[in-house]
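Structure record follows, encoded as structure tokens.
Throughout, read-outs are computed from the coordinates displayed, never taken from laboratory work. The shown structure was predicted, so the numbers you read here are calculated from the model rather than taken from an experiment. Every residue, glycine as well, gets a Cβ built from its backbone with ideal geometry; the counts of neighbours run over all protein chains shown.
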Amino acid sequence: MKKNILNRKSIFSLLIIVFLSCTNKVKLEQQFIEENFLKIVDTLPYDTGTFVPLEKDTIKFSELALHFSQKIDYNKKIDEITTGFFEDNKQLKSTFQSVLEHGTNSEYFLDSNFPKKIGKYRIYFNENQIDKKIKFAGRIDIENLKIYNDKAILILSESVQRFGTTYIVFLVKEKGEWRVLERKVLYQS
């Protein structure tokens, strides 16, 4: 009987530890996205008004609406595309080998504490709530985020209507600050 109670306590304690470590990982990844949002997403729309400039706007925008997918996905098909990318980019593969080997893919939702405004971007998780009075810059999705030590890789898709570009973004941490090392186009539509 005592053994059974101890066994249950051990299992319960283990479940709590696993839950807390998963919650902590999600919080760290969300914090990474928040703190590096403008570096990841880029500020090109500040001048063009959109991620995919269909025509040149000459107006400077004080605020831009952005539809941001709240779910950070893992997409196996993109992993297959990036495998081909790395075959053609051996130097980047070598530089980010530790991330490829040890970084883990996970799916999660950004929580309600994610900022609603970063830089000039007004961020909307729900497309139906976008303020129509604000210039719409487009939609972004982040997938296959992997962070390991001082390096990170993610897939960023930026689109407006049916036009878009998907990038693989490489970030490195130097002197306590993350910076984009490379942003390479994977495909365009």
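Considering segment 166-186, the residues that are surrounded by fewer than 18 Cβ atoms within 10 Å (Cβ to Cβ) and in contact with a Leu (Cβ under 9 Å, 6 or more places away or on another chain) include one that is farthest from Phe136 (Cα to Cα), namely Val172.
Annotation: of all residues in segment 60-78 being touching a residue at least 12 places away in the same chain (Cβ under 8 Å) and surrounded by fewer than 14 Cβ atoms within 10 Å (Cβ to Cβ), the one that is farthest from Phe136 (Cα to Cα) is Lys71. Looking at segment 96-189, the strands (runs of 3 or more DSSP E) lying wholly inside it that each contain 1 or more residues that are more than 13 Å from Ile33 (Cα to Cα) and touching a Pro at 6+ places or on another chain (Cβ under 6 Å) sit at 135-148.
Checked across segment 101-109, the condition of being under 16 Å from the mean Cα position of the chain (by Cα) and more than 17 Å from Tyr74 (Cβ to Cβ) holds for no residue.
Consider segment 118-155. How many of its residues are among the basic types (Lys, Arg) and within 16 Å of the chain's Cα centre (by Cα)? Within segment 118-155, residues that are among the basic types (Lys, Arg) and within 16 Å of the chain's Cα centre (by Cα) number 3. Considering Phe51, Phe86, which residue is outside any helix (DSSP H, G or I) and either at negative phi or in contact (Cβ under 8 Å) with a residue 12 or more places away in the chain (or both)? That would be Phe51, the only listed residue that is outside any helix (DSSP H, G or I) and either at negative phi or in contact (Cβ under 8 Å) with a residue 12 or more places away in the chain (or both). Assessment of segment 119-131 against the conditions (hydroxyl-bearing (Ser, Thr, Tyr), in contact (Cβ under 8 Å) with a residue 60 or more places away in the chain and surrounded by fewer than 18 Cβ atoms within 10 Å (Cβ to Cβ)) yields no matching residue.
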